[in-house]
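Worksheet: one structure, shown below.
The values are calculated or read from the model by the stated rules, or taken from the named source; none is laboratory data. In this text the structure is predicted, and so the values were computed from the model without any measurement. Neighbour counts are summed over all protein chains in view; Cβ atoms, including those assigned to glycine, are modelled from backbone coordinates with ideal geometry.
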Amino acid sequence: MLTFRWAERVDAPAIVALVEAGYRGEASRAGWTTEADLLGGHRTDLTEVHGCIERANSCVLLGLQDGSLVACANVAVEDDAGYFGMFSVVPTLQGGGLGTATLAEAERIARDRWELALMRMTVIDVRTELLAYYQRRGYRRTGRTKPFPYGDERFGVPKRPDLRFEVLEKPLR
């Protein structure tokens, strides 16, 4: 059974490890959401995770199964909408519904706790399978894009020159 709680500062090292495993390096290839072919380097660090935990109107949502961390996501208020990011599921457990349940809980927090009518996220626009996943869950592609921060290794080391973020949105009411 999957249960949820908000992360505390002491959880940050485990969150960093989960996010890194879900996005980067060979371990991420066990799941379907890897960015290993697009980006090298790190996906997050303790400073970023601490900031997400400690910032007002922000949380890192933890999904736990039998007491073990299996999923996480940053949920926050940003520009009068919910923001969903840093979403990770243990690669070998992807495809079993943990991500969908975590996304639904994040949406519930934004809608019910912060009384927001819209959830927003950004996805690297060449990640067609991931874009389709979110579209099946009610997100729409807005056509708005944001540049990828080339040269800022906090976001990874790009392996191709055409990366950018696309903004996705979903009404919560």
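Observations, loosely collected:
- Among residues of segment 145-173 that are closer than 23 Å to TYR133 by Cα and among the polar types (S, T, N, Q), those with a beta-carbon under 8 Å from a residue that is in a loop (DSSP other than H, G, I, E, B) and at pLDDT 95 or above at least six positions away or on a different chain give the pairs THR145/ASP125.
- Total residues in segment 29-42, condition among the hydroxyl-bearing types (Ser, Thr, Tyr) and at pLDDT 90 or above: 0
- Residue within segment 97-109 that is of a type in the set (Lys, Arg), out of contact with any strand residue (DSSP E or B) (no Cβ under 7 Å at 6 or more places or on another chain), at pLDDT 95 or above and over 23 Å from PRO158 (Cα atoms) present: yes
- Filter result for GLU115 (surrounded by fewer than 14 Cβ atoms within 10 Å (Cβ to Cβ) and over 27 Å from GLY41 (Cα atoms)): yes
- The numbered conditions (1) without any contact (Cβ under 8 Å) to a residue 24 or more places away in the chain; (2) within 20 Å of MET121 (Cβ to Cβ) are all true for SER68 except (2).
- Taking every residue in segment 26-43 that is within 11 Å of VAL157 (Cα to Cα) and without any contact (Cβ under 8 Å) to a residue 24 or more places away in the chain and pairing it with any residue that is crowded, with 19+ Cβ neighbours inside 10 Å and basic (Lys, Arg), at least 6 positions away or on another chain, the pairs with Cβ-Cβ distances below 8 Å are ALA36/ARG24.
- Residues in segment 71-86 that are in contact (Cβ under 8 Å) with a residue 40 or more places away in the chain and buried (at least 19 other Cβ atoms within 10 Å of the Cβ): 5 in all.
- Residue list for segment 1-44, restricted to those being more than 29 Å from VAL126 (Cα to Cα) and either assigned to a loop (DSSP other than H, G, I, E, B) or β-branched (Val, Ile, Thr) (or both): MET1, THR3, ALA7, GLU8, VAL10
- Of all residues in segment 97-121, those that are within 13 Å of VAL77 (Cβ to Cβ) and touching a residue at least 40 places away in the same chain (Cβ under 8 Å) have Cβ atoms under 7 Å from Cβ atoms of residues that are among the hydroxyl-bearing types (Ser, Thr, Tyr) and in a strand (DSSP E or B), 6 or more apart or on another chain, in ARG120/TYR83.
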